[in-house]
Amino acid sequence: MIDFQTLGQTVMARLETLGKISQSPDYLDRRYLSEQHKRANQLIDKWMTAAGMRSWQDQAGNIWGRFEAEQSDAPRYIMGSHLDTVPNGGKYDGMLGVVAPITLIEALHVEGIRLPFHLDIVGFGDEEGTRFGSTLLGSRALTGQWAASWADLQDEDGISLAQALENFGLSFDNVSEATIATENLKGYLELHIEQGPVLEQRNLSVGVVSAIAAAKRFEITVTGMAGHAGTVPMPMRLDTLAASSEMILAVESVAKEHGVVATVGQISNRPNGVNVISGKTVFSLDVRSAQDFQRDDAIADIMDRLDNIAAKRNLALEHRPTHSAHAVQCDDQLQSVLCNAIAAQDIGVHTLFSGAGHDAVAMADICPVAMLFVRCEKGISHHPAEAITTEDVSATLAVLNHTLQSLK
Ligand code: HGY
Ligand code: MN
Ligand code: MN
């Protein structure tokens with residue numbers, strides 16, 4: 001008999017341990033192909049082995065474990081999520097979706113329960129895109145979507161993705177070997193915190209995802225002329241930071257007009273001196289919507305507004321696309337398996353949309369996908385106050401167990 005309450009405590013303790021692996025002593029920050037990524041993979045590997053799984057690392061630095069079926073030619077399901085974090089992030093975003101299934105598999109292993117399919121658990125090395133600006137690098141290695149140009153993507157220290165792979169003991173040239181065969185792949189399931197307030201409002205511990213937002217990201221570069229803060233008259237300035245401020249407010253108002261979400265989350269400014277007019281400002285732009293066309297209409301309008309502001313101020317403007325993901329509909333059949341598993345725990349069944357992007361977006365290119373959301377306190381995420389309860393994790397494990405026992 002599986003004790004889900006004890007399993008829930010084990011998951012929470014493991015997330016606490018994993019949450020301490022950070023490049024900063026003050027907050028959680030774990031980036032792709034870093035020393036901390038390596039240590040996280042080693043810890044996950046240890047837990048996978050304890051769960052009776054065969055484990056390995058692929059050529060993109062993703063960590064894998066297989067819970068073998070009785071039959072070697074059995075079909076395959078993949079469950080997973082990401083092990084990287086945003087800077088000063090929470091310890092559940094991504095990690096819950098790797099640690100929870102491993103811990104449940106350990107209980108099945110101890111009970112001698114086997115599944116009629118191979119269950120592979122994958123911990124993706126990069127989903128957030130914190131280090132190299134792009135995103136879903138881990139899951140897009142599985143779907144064979146890495147672009148040759150990504151070798152030159154650089155982090156804030158000027159280290160290229162190709163160099164970072166070398167430093168990690170891998171090679172950009174071999175990443176294509178991480179592409180997976182799909183003949184016997186039946187589907188991909190991802191367990192993830194909701195990162196929103198809906199389940200809490202409805203007093204539900206879990207929910208089923210219906211669809212995942214369409215997203216596009218850009219790097220916007222505004223180029224003007226640095227100058228002396230005391231001597232250049234206002235009308236003669238080519239001030240890129242002032243222009244960027246006007247542009248960022250324009251992003252906000254266009255998003256409201258179009259009913260999409262648009263965020264400028266990252267900005268760098270040169271020369272960034274207290275007594276110097278800014279000559280070059282670079283900021284990120286992230287635009288999302290439930291529909292691809294709605295996202296693209298808003299982006300077209302935003303870019304027009306930015307171009308007009310740059311022209312009015314005699315500044316140069318460039319926008320470089322860094323990420324694009326179409327909206328994803330989750331698989332109906334897998335959704336109903338999850339809904340039945342939730343109902344079997346006497347939990348109300350609710351399906352909801354995901355404004356956040358997930359590895360399921362990449363995996364949807366190669367197989368049916370479904371996601372199970374877990375309530376998180378006040379919907380807070382990408383913040384150290386991100387929190388879930390042991391009770392909700394225990395309920396989630398019971399739902400997951402029912403799901404795995406129902407899949408064919
Ligand atoms: O940006 C996102 O939606 C996800 O957290 N990477
Ligand atoms: Mn995230
Ligand atoms: Mn996430």
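The values are calculated or read from the model by the stated rules, or taken from the named source; none is laboratory data. Source: prediction; values computed, not measured. All Cβ positions, even for glycine, are placed from backbone atoms using ideal geometry, and neighbour counts span all protein chains on display. For accessibility, only protein heavy atoms count, side chains too; no ligands or nucleic acids. Shrake-Rupley method; radii C 1.70, N 1.55, O 1.52, S 1.80 Å.
Among the listed pairs Lys216/Lys256; Lys256/Lys280; Lys186/Lys408; Lys91/Lys378; Lys46/Lys186; Lys20/Lys46, give every one whose C-alpha distance is greater than 19 Å.
Details: Lys216/Lys256 17 Å; Lys256/Lys280 28 Å; Lys186/Lys408 9 Å; Lys91/Lys378 15 Å; Lys46/Lys186 27 Å; Lys20/Lys46 16 Å.
Listed pairs above 19 Å: Lys256/Lys280; Lys46/Lys186.
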List every residue whose amide H lies under 5 Å from the amide H of His323, counting only residues 5 or more places away in sequence or on a different chain, with H placed 1.01 Å from N in the peptide plane. Arg217
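Given Cα pairs under 8 Å that are at least 6 residues apart, what percent is the relative contact order of the chain?
22
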Provide the per-residue ³J(HN,Hα) series for region 376-384, in order, calculated from phi with Karplus coefficients 6.51, -1.76, 1.60 and θ = phi - 60°, each as a whole number of Hz, with x at glycine and proline positions. 10, 4, 6, x, 6, 7, 6, 7, x
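For a quick protection proxy, order the peptides 100-113, 79-92 by their average other-Cβ count within 10 Å, most packed first.
Going by the mean number of other Cβ atoms within 10 Å, highest first, we get 79-92, 100-113.
Using 0.36 nm per residue of separation minus the Cα-Cα distance, give me the extension gain between Met1 and Ser171 in nm, one decimal.
Numbers: separation 170, 0.36 × 170 = 61.20 nm, distance 4.51 nm.
Between Met1 and Ser171, full extension yields 56.7 nm more.
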The percentage of the accessible area of the chain (probe 1.4 Å, all protein chains present) made up of carbon and sulfur atoms, to the nearest whole number, is 50
Normalised by the residues of region 272-408, what does the relative contact order come to in percent, with Cα pairs under 8 Å and at least six apart? 23
What list of ³J(HN,Hα) values in whole Hz, one per residue of region 76-91 in order, does the Karplus curve 6.51 cos²θ - 1.76 cosθ + 1.60 (θ = phi - 60°) give from phi, with Gly and Pro shown as x? 9, 10, 10, 10, x, 5, 9, 10, 8, 10, 7, x, 6, x, x, 9
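At 0.36 nm per residue, and after removing the present C-alpha to C-alpha distance, how many nm does the segment from Leu249 to Gln154 gain when stretched out fully?
Values: separation 95, 0.36 × 95 = 34.20 nm, distance 2.80 nm.
Net length gain for the segment: 31.4 nm.
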Compute the separation of the alpha-carbon centres of region 23-76 and region 390-408 and state it in Å as a whole number. 21
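Grab the beta carbon distance between Ala385 and Arg39, set R0 = 22 Å, and tell me the FRET efficiency rounded to 0.05.
On the way: r = 24 Å, r/R0 = 1.11.
The pair Ala385/Arg39 has a calculated efficiency of 0.35.
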Cα centroid distance between region 118-154 and region 261-320, in Å? 25
Give me the number: length gained by fully extending Arg202 to Asp332, i.e. 0.36 nm times residue separation minus the C-alpha to C-alpha distance, one decimal in nm. 44.5 nm
Compute the helix-to-body angle for 390-406: its Cα long axis versus the longest principal axis of the chain, expressed 0 to 90° and rounded to tens. 60
If you fit an axis through the alpha-carbon atoms of helix 332-343 and take the longest principal axis of the Cα set of the chain, what angle between them do you get, 0 to 90°, nearest 10? 60
Based on the mean of other Cβ atoms within 10 Å per residue, sort peptides 222-233, 369-380 so the most packed one is first. 369-380, 222-233
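What area, in nm² and to one decimal, does the C-alpha convex hull of the chain cast on average over all directions?
Values: hull surface 81.2 nm².
Computing the convex hull of the Cα atoms and averaging its projections yields 20.3 nm².
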Per the Debye formula with a single identical scatterer at each Cα and no solvent contribution, what log10 I(q)/I(0) holds for region 31-156 at q = 0.22 Å⁻¹? -1.26
Under 11 Å by backbone N from the virtual spin label 7 Å along Cα-to-Cβ at His109, the residues of region 1-36 are none
Report the net charge of residues surrounding Asn203, where surrounding means a beta-carbon distance below 14 angstrom and charges are Lys +1, Arg +1, Asp -1, Glu -1. -3
Can you compute the label reach from Thr351? Point 7 Å from Cα along the Cβ direction, backbone N cut-off under 11 Å, restricted to region 194-212. 208-211
Just to check I understand the Karplus step: with θ = phi - 60° and J = 6.51 cos²θ - 1.76 cosθ + 1.60, what whole-Hz values come out for region 145-153, glycine and proline as x? 9, 6, 8, 4, 5, 5, 4, 8, 4
Please report, to two decimal places, log10 I(q)/I(0) for region 247-296 at q = 0.17, 0.24 Å⁻¹ as given by the Debye formula with identical point scatterers on the Cα atoms and no solvent. -0.59, -0.86
What order do you get for 157-163, 341-347, 362-368 when each peptide is scored by the mean count of other beta carbon atoms within 10 Å, highest first? 362-368, 341-347, 157-163
Please compute the net charge surrounding Val222, taking Lys and Arg as +1 and Asp and Glu as -1 over other residues with Cβ under 12 Å from its Cβ. -2
Show that you can apply the helix-only estimate: for the chain, add -39,500 (n - 2.57) for every DSSP H stretch of four or more residues, divide by all residues, and state [θ] at 222 nm to the nearest 500. -10500 deg cm²/dmol
